[in-house]
Amino acid sequence: MEHSAAPYDERLTAPGSWWVITALVALSGGLILLPLGTVPMLGALIATGLLATLAVSSYGSARIRVVAGSLVAGDARIPVAALGDAEVLAGEEARAWRMHKADPRAFMLLRSYIPTALRVEITDPADPTPYVYLSTRRPRALAAALDAVRQTQKETPETAS
C-alpha cells in the first residue's frame with residue numbers, strides 16, 4: 001500500500017564555500033596557539049576543525065521529504081491533506097517572504113544559501129500556522145510531489161473500519 005521510496009527527498013547541504021571557511025577556521029585555531037608549540041597548535045587545529053565541521057554539518061543536515069502521505073521538513077511532519085496550494089518562490093519574492101511578508105506564526109525551514117523556496121498554505125482550521133516556508137533547491141519538484149500525493153489520496157479514498 002505505501003511506497004518504499006519517497007517521491008521527494010532533499011538534504012539542504014551547506015555549499016562548498018562553507019567547507020572552505022571551515023578549513024580556514026581550523027587553520028586559524030591552530031595558528032593562534034602556534035607560539036605555544038607544535039602540540040598545542042595541532043590540538044587547537046584539530047579541536048577547532050572538529051567544532052567547525054560539526055556546526056556546518058549539523059546546519060546542512062536538514063531534510064525535506066514527502067513520504068507516507070506527509071510533508072516532513074526538519075522536525076515538522078504535516079499530513080498532505082492539511083496542506084493547500086503551493087507557491088514556488090525565487091529571487092526577490094523568496095526574500096520578501098523570508099523578511100517583510102513573513103508571518104511570525106508560519107513554520108519556516110530557512111537556509112540562507114538556497115535562493116529558491118516553496119510556500120505551502122496550511123488548510124487545517126485547528127492549526128494556527130498559516131503556511132510553511134521551505135528553502136529548497138527544487139521547489140517545482142517538491143510542489144509536484146505534494147500534488148502527486150494529493151492525487152493518490154483522491155484516487156484511493158480511506159475506508160472506515
Extreme residue, nearest to residue 98 (Cα to Cα), among residues of segment 112-161 that are of a type in the set (Lys, Arg) and more than 17 Å from the chain's Cα centre (by Cα): 150
Within segment 71-86, tally of residues that are part of a strand (DSSP E or B), within 18 Å of the chain's Cα centre (by Cα) and surrounded by fewer than 17 Cβ atoms within 10 Å (Cβ to Cβ): 3
Cβ-Cβ under 9 Å pairs, at least 6 apart or on other chains, segment 35-58 side within 22 Å of residue 20 (Cβ to Cβ), far side open to solvent by less than 50 Å² (accessible area, probe 1.4 Å) and at pLDDT below 95: 56/14; 57/14
Those strands (runs of 3 or more DSSP E) lying entirely in segment 98-161 with at least 1 residues touching a helix residue (DSSP H, G or I) at 6+ places or on another chain (Cβ under 9 Å), under 26 Å from residue 60 (Cα atoms) and touching a residue at least 60 places away in the same chain (Cβ under 8 Å): 131-135
Residue in segment 94-115 that is of a type outside the set (Asp, Glu) and closer than 16 Å to residue 7 by Cβ present: no
Positions within segment 50-67 being more than 17 Å from the chain's Cα centre (by Cα) and open to solvent by less than 60 Å² (accessible area, probe 1.4 Å), in sequence order: 52, 53
Filter result for the condition that a residue is touching a Leu at 6+ places or on another chain (Cβ under 8 Å), closer than 20 Å to residue 146 by Cα and touching a residue at least 60 places away in the same chain (Cβ under 8 Å), over 81, 68, 76, 86: 86
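Conditions (1) of a type in the set (S, T, N, Q); (2) open to solvent by 60 Å² or more (accessible area, probe 1.4 Å); (3) within 16 Å of residue 10 (Cβ to Cβ), marked per residue:
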position: 95; (1), (2), (3): no, yes, no
position: 106; (1), (2), (3): no, no, no
position: 109; (1), (2), (3): no, no, yes
position: 114; (1), (2), (3): no, no, yes
position: 121; (1), (2), (3): no, yes, no
position: 126; (1), (2), (3): no, yes, no
position: 129; (1), (2), (3): yes, no, no
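The values are calculated or read from the model by the stated rules, or taken from the named source; none is laboratory data. The structure displayed is predicted, hence computed values, not measured ones. Neighbour counts run over all protein chains shown; Cβ positions are idealised from the backbone, glycine included. Just the protein is used for accessible areas: all its heavy atoms, side chains included, with ligands, DNA and RNA removed. Shrake-Rupley method; radii C 1.70, N 1.55, O 1.52, S 1.80 Å.
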